[in-house]
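The values are calculated or read from the model by the stated rules, or taken from the named source; none is laboratory data. Since we're looking at a predicted model, the values are computed, not measured. Heads up, the Cβs are rebuilt from the backbone with ideal geometry, glycines too, and the neighbour counts pull from every protein chain shown.
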Amino acid sequence: MKIRTILSPALVAMLALSTAACGGGSDDEPAAAAAAEGGLTKVNLTSLAIGQVAPFVLAEKEGIFEDHGIDLEISFVEPAALVPTLMSGDADLIWGNPPALMAARANNVPIKSVTTVSTAGDDPSTFPIQVMVSPDSDIKTLEDLAGKKIATASLFQLPDLALMESLDQAGVDASSVEFVEIPFPNMGETLAAGRVDAIISTEPFVTILKGSGAAVPLVSVSEGLPATTPISALLASEKWISDNSDVVDEFRAAVDEATEYALAHDDEVRAVIPTITEVPEDLAGVISLAPMDTTDDAAGWDAWADLLVQVGVIDEKPDSADAFLAD
C-alpha cells in the first residue's frame, strides 16, 4: 500500500535535521541537566499549546515533579520550532508522536522516546481525533471511504496514518483515498462546500462541529488499533538520556505519578486547559481528552515503523526496540 512519497512540512523539518547534533554542544560536552535552586534539577519540556499537556502543568503545580528532584519548566512553541528547540539544546524534552520519531530514526536522527504519555485507549468513540462527515452524507461505514477525498491537517502525520491502518484492517485499499491538507479551523466550511467527502478533525473542533450540526463522527482514527498503541510521547536526544540517567529515571517516575493524579482529578485537568490553550472553559469541560497511559508497548511502536515503510514515508524499517525506553 504505497500512498505517495511527498512529506508534510513537519516531517520534512524532522528529517532535514538528520545530520544535526542533538542535545546542544559538541560531542565532547556532556548534555547534563542544569542545576536549579533548592537542590532540584531543571528539566525543560517544550510542547505545543495543547490540552494534552494540562496534566503536566497540573503535576508541576502540585509538586509532583519537585518530589522527584525536578524543577520542570514547560514552554510552548509552534509545531515547526519543536525539533529545532531540542536540537539546539534549548529543550531537554519535546512533545512528539511515534510516527514522526520513527521516521526521524530511520534517517539517523539520534532521538528517542523517554516515555509514552497517551495511547489509543479502549473506547474509540471518546478518542479526540475523529473522521467526520456531513449529516446527510451517504458515507456510513469505514468501507464507504474507499475512493473518497478526505481532509487532514498535515499529510503523513498520526491522524491520516492511523486512518490508513484502520482502512487496511477493514480491507479497504487506502491508496484509493485522496488525502488533502486543510487546517483544522477550515475543515467544517470545506466539508460543507463539498470540496471533500470527509474530514479528520480533532478536539475542540470535533465538539464544535457536532454541536453546530455541521458534521457527525463516522469513526475514530483509533478504530482497530490496540488499546496500548502509543499516540504521544516525550522525546529527548540519546545523548541527554545517556548523560542524565538518574534524572530520566526520576522523570519517568514523576510522569507515572502525574498520570495517576490526572486520571483521579479530571476536573482539575480540565480547569488547566483554558490557561494554556485558546479553548474556553465551557468547551474544556466537555471535549474528549486523549487516553493518558505511560505504557510503552513494543508491538505498537513496531506497528508504526511497519506502516511508515508500507506507505512509502521511509525505505527501511528502523529497529523499533531502540526507539523508546522500555518499562
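Just the residues that are surrounded by fewer than 21 Cβ atoms within 10 Å (Cβ to Cβ) and either assigned to a helix (DSSP H, G or I) or not hydroxyl-bearing (Ser, Thr, Tyr) (or both), please, taken from segment 294-303.
Those that are surrounded by fewer than 21 Cβ atoms within 10 Å (Cβ to Cβ) and either assigned to a helix (DSSP H, G or I) or not hydroxyl-bearing (Ser, Thr, Tyr) (or both): Asp297, Ala298, Ala299, Asp302, Ala303.
Go through Thr295, Thr275 for me and flag whichever is in the same structural domain as Ala91 (by TED's automatic domain parsing), within 15 Å of the chain's Cα centre (by Cα) and hydroxyl-bearing (Ser, Thr, Tyr).
Numbers: Thr275 fails: within 15 Å of the chain's Cα centre (by Cα).
So the residue among Thr295, Thr275 that is in the same structural domain as Ala91 (by TED's automatic domain parsing), within 15 Å of the chain's Cα centre (by Cα) and hydroxyl-bearing (Ser, Thr, Tyr) is Thr295.
Would you tally the residues in segment 274-290 being of a type in the set (D, E, K, R) and in a loop (DSSP other than H, G, I, E, B)? Full working, then the answer.
Restricting attention to segment 274-290, the residues satisfying the condition of being of a type in the set (D, E, K, R) are 278, 281-282.
Within this subset, residues satisfying the condition of being in a loop (DSSP other than H, G, I, E, B) are 278.
Residues in segment 274-290 being of a type in the set (D, E, K, R) and in a loop (DSSP other than H, G, I, E, B): 1 in total.
Out of Ala215, Ala253, Ala262, Ala290, I need the residue that is under 20 Å from Ser113 (Cβ atoms) and in contact with a Leu (Cβ under 7 Å, 6 or more places away or on another chain). Which one?
On the way: Ala215 fails: under 20 Å from Ser113 (Cβ atoms); Ala253 fails: in contact with a Leu (Cβ under 7 Å, 6 or more places away or on another chain); Ala290 fails: in contact with a Leu (Cβ under 7 Å, 6 or more places away or on another chain).
Answer to the check: Ala262.
For segment 55-88, enumerate the residues that are farther than 14 Å from Val255 by Cβ, out of contact with any Phe, Trp or Tyr (no Cβ under 8 Å at 6 or more places or on another chain) and among the hydrophobic types (A, V, I, L, M, F, W, C).
Phe76, Val77, Ala80, Ala81, Val83, Leu86, Met87
Of everything in segment 115-166 that's outside any loop (DSSP other than H, G, I, E, B) and among the charged types (D, E, K, R), which residue is farthest from Ala198 (Cα to Cα)? Show your work before the answer.
Our first condition is that a residue be outside any loop (DSSP other than H, G, I, E, B); within segment 115-166, this holds for 115-119, 124-126, 129-133, 142-145, 149-152, 158-166.
Filter once more, so that each one left must be among the charged types (D, E, K, R): 143-144, 149, 160, 165.
Numbers: Glu143: 13, Asp144: 11, Lys149: 7, Asp160: 12, Glu165: 17 Å.
Among those residues, the one meeting the criterion is Glu165.
Give the residue, chosen from Pro135, Pro98, that is touching a Gly at 6+ places or on another chain (Cβ under 8 Å) and surrounded by 23 or more Cβ atoms within 10 Å (Cβ to Cβ). Full working, then the answer.
Working: Pro135 fails: surrounded by 23 or more Cβ atoms within 10 Å (Cβ to Cβ).
From the options Pro135, Pro98, the qualifying one is Pro98.
Looking at Leu142, is it touching a residue at least 40 places away in the same chain (Cβ under 8 Å) and under 30 Å from Asp282 (Cβ atoms)? Write out each step before concluding.
Working: touching a residue at least 40 places away in the same chain (Cβ under 8 Å): yes; under 30 Å from Asp282 (Cβ atoms): no.
Here the answer is no, as Leu142 does not meet what is asked.
Could you go through segment 168-176 and let me know if any residue there is more than 16 Å from Asn97 (Cβ to Cβ), among the polar types (S, T, N, Q) and either in contact with a Pro (Cβ under 6 Å, 6 or more places away or on another chain) or in a strand (DSSP E or B) (or both). Spell out the reasoning first.
Kept after step one, since they are more than 16 Å from Asn97 (Cβ to Cβ), are these residues of segment 168-176: 168-176.
Next, only the ones that are among the polar types (S, T, N, Q) stay: 169, 175-176.
With either in contact with a Pro (Cβ under 6 Å, 6 or more places away or on another chain) or in a strand (DSSP E or B) (or both) added as a condition, the list becomes none.
The answer is no; no qualifying residue exists.
When only residues in segment 160-171 that are buried (at least 22 other Cβ atoms within 10 Å of the Cβ) and not small (Gly, Ala, Ser) count, which is farthest from Leu225 (Cα to Cα)?
Filtering first and then ranking leaves Asp160.
Determine which single condition Met187 fails, assuming it passes every other condition in (1) touching a strand residue (DSSP E or B) at 6+ places or on another chain (Cβ under 6 Å); (2) outside any helix (DSSP H, G or I); (3) not assigned by TED's automatic domain parsing to the domain that holds Ile287.
That leaves (2) as the condition not met.
For (1) in a helix (DSSP H, G or I); (2) under 20 Å from the mean Cα position of the chain (by Cα), each residue gets a yes or a no:
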position: Glu66; (1), (2): yes, no
position: Ile74; (1), (2): no, yes
position: Leu86; (1), (2): yes, yes
position: Asp90; (1), (2): no, no
position: Pro99; (1), (2): yes, yes
